[in-house]
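Just below is one structure, and these are the notes that go with it.
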Amino acid sequence: MTTDHRMVAILPCRDLEASTAFYARLGLAVEGDYGHYRILGDGKGWHLHLRQEANVPQAPDNPFGLYLYVEDVDAVADRVRDAIIEPGTPHAKPWGVYEFAASDPDGVLVRVGRVLEG
């Protein structure tokens, strides 16, 4: 038997429907719905749990962030273009990634990128 070694983020959110819709645009689908708690995944390795919570800090005070690695950064960017917070991205960053950053409905910083080779 093999053990699946992974980490999953659990994010609080004020509006579970709005957050679910945002992450669906990134490519995540609902895999489990427990009323105030949802489990999302993309079938390729991304997993995210959303927990409804009334007292979530809002932008710009929300301290949470996620980094999603994906091969086709541009395709994902096209799906969330209106939520991208840095004009002109995605593009290559000095630290060796091709990425963009977006903000979810509660102000969580979501970076999406891939490591540049060479």
Item to check | Check on I10, among the hydrophobic types (A, V, I, L, M, F, W, C), on the phi < 0 side of the Ramachandran plot and without any contact (Cβ under 8 Å) to a residue 24 or more places away in the chain | outcome: no
Checklist entry - Out of all the residues in region 51-66, which are surrounded by 13 or more Cβ atoms within 10 Å (Cβ to Cβ) and either farther than 13 Å from V110 by Cβ or of a type in the set (D, E, K, R) (or both)? => result R51, Q52, E53, V56, P57
Next on the checklist: Can you find a residue that is assigned to a strand (DSSP E or B) and loosely packed, with under 15 Cβ neighbours inside 10 Å anywhere in region 92-103?
Outcome noted: yes
Item to check | Of all residues in region 1-45 being among the small types (G, A, S) and touching a strand residue (DSSP E or B) at 6+ places or on another chain (Cβ under 6 Å), the one that is nearest to D82 (Cα to Cα) | outcome: S19
Next on the checklist: Which residue is farthest from D78 (Cα to Cα), if the candidates are limited to region 1-60 and must be aromatic (F, W, Y) and more than 16 Å from the chain's Cα centre (by Cα)?
Outcome noted: Y34
Checklist entry - For region 67-91, which residues satisfy the criterion of being surrounded by fewer than 13 Cβ atoms within 10 Å (Cβ to Cβ) and polar (S, T, N, Q)? => result none
Checklist entry - Is region 56-63 home to any residue that is out of contact with any Asp or Glu (no Cβ under 9 Å at 6 or more places or on another chain) and closer than 22 Å to G113 by Cβ? => result yes
Checklist outcome for this item: If we ask which residues in region 89-118 are in contact with a strand residue (DSSP E or B) (Cβ under 9 Å, 6 or more places away or on another chain) and either over 18 Å from D42 (Cβ atoms) or of a type in the set (S, T, Y) (or both), their number turns out to be 15
Next on the checklist: Restricting to region 63-84, count the residues that are in contact (Cβ under 8 Å) with a residue 12 or more places away in the chain and within 14 Å of the chain's Cα centre (by Cα).
Outcome noted: 14
Next on the checklist: So if I check each of R25, R38, which one is farther than 30 Å from H91 by Cα and not aliphatic (A, V, I, L, M)?
Outcome noted: R38
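The numbers here are math on the coordinates, done by the rules we state, and not lab data. Just so it is clear, the model here is predicted, and its values are computed rather than measured. Backbone-built Cβ (ideal geometry, glycine too); neighbour counts: all protein chains shown.
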